[in-house]
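For reference, the structure discussed in these notes is given below.
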Amino acid sequence: MRYPSRSRLSTHDPNLKENMSEKNDTESKDTQWPLWEVFTQPRDGKPHEHAGSLHAPDAEMALENARDVYARRKEAVNIWVVPSDQIVASKGEDAGPFFDPADDKPYRHPQFYSVPRASKRRS
Amino acid sequence: MSTETTTLTKQDALFEYLVRLADDRLILGHRLSEWCGHGPILEEDIALANISLDYIGHAASLYEYAVEVEDKGRHRDNLVYFRNDVEYKNLKITELPKGDFGFTIARQFLFAGFSYFLYKQLSDVEDEQFAGMAQKHLKEVKYHLRHSREWVLRLGDGTDESHERIQNSFNDIWTYVGELFHQDEIEELLQGEKLAADSENFKSDWKELVVDTLEEATLEVPDFDQFMVEGSRDGLHTEHLGHLLAEMQHLRRSYPDADWE
């Protein structure tokens, strides 16, 4: 390629047509494009962190919008975008069984255990 | 600049060339800035404002270098705020009103594609400062091309309305694209010194990019051999430039000694 391009993700994504056409009104009153979650990696070797969300018609445009909205001040070396509806989240009512049992199990933290003085000195 | 028949020096030519390049980018950047707060969606509003600032930034470095080459102790702002429309040398394609989003995207694509090939050549000129500037700006130009190209594909191959609007935009703007490749004695002199690009060398690459993209976007490519306007580099402009300059220069001219401090 002599000019910058990319591997085609979904240029002619049907989502775009659907979301730009007025026929869609029967299904949803929301005229916005689909929502995407943006994750930015601040430096090489660091984990990607949730930066925020945005609307975009397809993956390539989501990436470009993410660059413009969340990475124009040198915040990132890499970006992930994920359709928001593809993220599976735990529900509020899950909190009890999911997280509360950890309340009385401090022994699951390594700090719970005292380290023998001899091995401390060695390290 | 060249009303008198004095010999054109390398210094004069380089100054004029830098000002031409800067004028194109300043005027296009200003036009694009008119989208700020009016973008079709928030994300695109931010994208257009970013790109607008990139262009104005490119213009600022080019003017800065131009006044350095001129060596008359002039400040770059002087070139921006105290020249009238006939003294501006930007191509007419850059000064046309922003139109609808389709028109803006059509122009951005045609101009970014041209700039991409131009800056690739300018990155190799035999002038360290000029080449360095071009290399730095080229990275941003690549993004401008990617952004506008992706939009051309989506608008062209989108809904009936988006297809029709961007097709009309390309038809309307076509008469202004010929001038992108205008070259005169300024370029010729500098090409001999390896200080300027030669657009003849990338005209076919640019055409190929445009044809490939428009075809992929299911758009018809207007006729390259149709009538093309000219004269911008001699200061001939559309009536739109005067209005743009009035708005851009008004404050500075009303308060010439105003200071940000």
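Quickly work out the A:VAL82-to-B:GLU193 label distance, labels modelled 7 Å from Cα along the C-beta direction, and quote it in nm with one decimal.
My value for the distance between the label points is 5.7 nm.
Below 8 Å, C-alpha to C-alpha, sequence gap of six or more: please give me the relative contact order for chain B in percent.
24
Could you work out the mean count of beta carbons from other protein chains within 10 Å of each residue's beta carbon in B:42-49?
Average per residue, whole number: 5.
Step by step: find N for the protein assembly as shown, compute 2.2 N^0.38 Å, then divide the Cα radius of gyration by it. What's the final number?
That ratio works out to 1.23.
Between rounded, prolate and oblate, where does the stretch B:10-253 land on the alpha carbon gyration tensor, with a ≥ b ≥ c its root eigenvalues, rounded for a/c under 1.5, else prolate if a/b exceeds b/c?
prolate
Which longest uninterrupted range of chain B lacks any trypsin sites (Lys or Arg not before Pro) assigned by DSSP to a loop state (not H, G, I, E or B) and surrounded by at most 12 other Cβ atoms within 10 Å?
B:73-193
May I ask you to sort B:VAL86, B:VAL125, A:VAL82, B:VAL141 by Cβ crowding, counting other Cβ atoms within 10 Å and putting the fewest first?
By the 10 Å Cβ count, ascending, the order reads B:VAL86, A:VAL82, B:VAL125, B:VAL141.
For the stretch B:177-188, what does the Karplus curve 6.51 cos²θ - 1.76 cosθ + 1.60, with θ = phi - 60°, yield as ³J(HN,Hα) per residue in whole Hz, taken in order and with x for Gly and Pro?
For the stretch B:177-188, the Karplus curve yields 7, x, 5, 3, 9, 5, 9, 9, 5, 5, 4, 4 Hz.
For A:LYS120, give me every one of the lysines with a C-alpha distance below 18 angstrom, ignoring sequence neighbours fewer than eight places off in its own chain.
Excluding near neighbours in sequence, the set is empty.
How large is the convex hull of the Cα atoms of the stretch B:1-71 per residue, expressed in Å³ as a whole number?
Output value, Cα hull per residue: 74 Å³.
Please go through the stretch A:60-123 and write out the trypsin sites (Lys or Arg not before Pro) that DSSP classes as loop and that have at most 16 other C-beta atoms within 10 Å.
A:ARG72, A:ARG73, A:LYS74, A:LYS91
Other chains' Cβ within 10 Å of B:124-132 residues: what's the mean?
Mean inter-chain Cβ contacts per residue within 10 Å come to 0.
Apply the Kirkwood formula to the stretch B:27-124: the hydrodynamic radius equals the inverse of the mean of 1/r over all pairs of different alpha-carbon atoms; give it in Å with one decimal.
With all distinct Cα pairs of the stretch B:27-124 included, I get 14.8 Å.
About the Cα centre of the stretch B:32-155, what is the dipole size in debye to 20, counting +1 per Lys and Arg Cβ and -1 per Asp and Glu Cβ, all else neutral?
Using Cβ point charges on Lys, Arg, Asp and Glu, the stretch B:32-155 gives about 360 debye.
Just to verify a number: FRET efficiency for B:LEU53 and B:HIS75, C-beta to C-beta distance, R0 = 25 Å, to 0.05?
Computed FRET efficiency for B:LEU53 and B:HIS75 comes out at 0.75.
Tell me the GluC sites (Glu not before Pro) within the stretch B:24-73 that lie in a loop according to DSSP and have at most 13 other beta-carbon atoms within 10 Å.
Here no GluC sites (Glu not before Pro) fit, given the DSSP loop and packing criteria.
Taking the Cα atoms only, what angle lies between the long axis of helix B:160-173 and the longest principal axis of chain B, rounded to 10 degrees?
Helix B:160-173 and the main axis of chain B meet at about 30 degrees.
Can you tell me the orientation of helix B:10-33 relative to chain B, as the angle in degrees between its alpha-carbon axis and the longest Cα principal axis, to the nearest 10?
The two axes meet at around 40 degrees.
Using helices alone, what [θ] at 222 nm do you get for the protein assembly as shown, with -39,500 (n - 2.57) per DSSP H run of 4 or more residues, divided over all residues and rounded to the nearest 500?
When only DSSP H runs of four or more count, the value is -16500 deg cm²/dmol.
Return the lysines within reach of B:LYS89: Cα separation strictly under 27 angstrom, same-chain partners fewer than 8 residues apart disregarded; answer none if there are no such residues.
Filter leaves B:LYS10, B:LYS72, B:LYS98, B:LYS120, B:LYS136, B:LYS139, B:LYS142, B:LYS194, B:LYS203, B:LYS207.
When only DSSP loop residues count, what chymotrypsin sites (Phe, Trp or Tyr not before Pro) in the stretch B:203-261 have their Cβ near at most 14 other Cβ atoms within 10 Å?
B:PHE224, B:PHE227, B:TRP260
If you plug each phi of the stretch B:89-96 into the Karplus form 6.51 cos²θ - 1.76 cosθ + 1.60 with θ = phi - 60°, what whole-Hz ³J(HN,Hα) values come out, in order, with x for Gly and Pro?
Listing the rounded values in order: 10, 5, 5, 4, 4, 7, 9, 4 Hz.
Between the stretch B:14-33 and the stretch A:64-123, how many Å separate their Cα centres?
If we compute the Cα centre of each part, the gap is 49 Å.
Read-outs throughout are calculated quantities, based only on the coordinates presented, and are distinct from any laboratory measurement. Quantities reported herein were computed from a predicted structural model and do not represent experimental measurements. Counting neighbours? That spans all protein chains shown, and the Cβs are built from the backbone with ideal geometry, glycine included.
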